[in-house]
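Student: Following this message is one structure expressed as structure tokens.
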């Protein structure tokens, strides 16, 4: 396959020249073509099969869809509402023990994490209730979940439907 | 002259045959062991959202992929060709369902699905929610596979998809007792992060 040929057509040269070549043994030439062919094959193969950035997955565990278990009484004082409006605004509000909730604060993603971290360290039983507007973008939902996952708190959250009262709450922070 | 010629190959030739043989073996090894990503619903283009915290990689086998495109269509697919044939009646079929009755499904126009505007896989539309739920159960319980409860569910949603579609899908998953699933995301890079 790979033949080794004299560098400068030694056969045509005289005997004297060949002797010189034998002594130095540097002037021969390896045919690199098959080598390059194989490397190219490998290269092509890996380029075709590799993915530049392997997707990751975010694990979600929903509660079992059993309606009887679903109704769990929680102390409203432990609840934090995270509401995402149609425009992508985030409204954070803390529940109070008497069943009402505080005025929502409009936050961005970074601030949301800071708030949740400070509340979560104060109250170890904090439960987050996530309410997303149906027309908000999925990207927003992943960003919110990602921030919650990154925050150094207990990851207790549940998804909840957004209803009429929630829209009113969101109006306070500009919808 | 001829004496010189006979000696020279012994001294100088580097025989590349074994080297190439080994390379070929390695190549063969990689070709045989490569797990080709089941080209799950590759026909449908989605822009994945970014997240920075997820370290779990996408599982390679026994996956049911649910793709949500930006029109809110849900495409269901499994990586087992026998199951697809068993459940959908077409080994390369792709099940589609549009949960939101107020808007039009996007797959009716092939240009919405990918840049080329051509689908390699036939779309089998499910218009009924109950039938779609049954399909998800059948994918798991098909007699053509013994994966059963090890079937992993991944949800590949487009960034631009409405959360409503995702919520509907989550409802369906909950109702079909598929309470463990994963969202597929891209690794967040610093320049993406706001």
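Student: Largest first and to the nearest Å, give the Cα extent of the range B:60-187 along each principal axis.
Tutor: 36, 34, 28
Student: How many partner chain Cβ atoms sit within 10 Å of a residue's Cβ in peptide B:175-185, on average, as a whole number? Before the final figure, lay out each step's value.
Tutor: Numbers: counts 1, 1, 4, 2, 6, 4, 6, 7, 11, 5, 9.
Counting Cβ atoms of other protein chains within 10 Å of each residue's Cβ and averaging gives 5.
Student: Ok, one more. Taking every residue in A:156-165, how many Cβ atoms of other protein chains lie within 10 Å of its Cβ, on average?
Tutor: Going residue by residue through A:156-165 and averaging, the value is 1.
Student: Here is a further query. Determine the shielding of peptide B:163-173 by partner chains: average, over its residues, the number of Cβ atoms on other chains within 10 angstrom of each Cβ.
Tutor: Taking the mean over all residues of the peptide, I get 5.
Throughout, read-outs are computed from the coordinates displayed, never taken from laboratory work. What you see is a predicted model, and the numbers here were worked out from it, not measured in a lab. With ideal geometry, Cβ positions are generated from the backbone for all residues, glycine too; neighbour counts draw on all protein chains shown.
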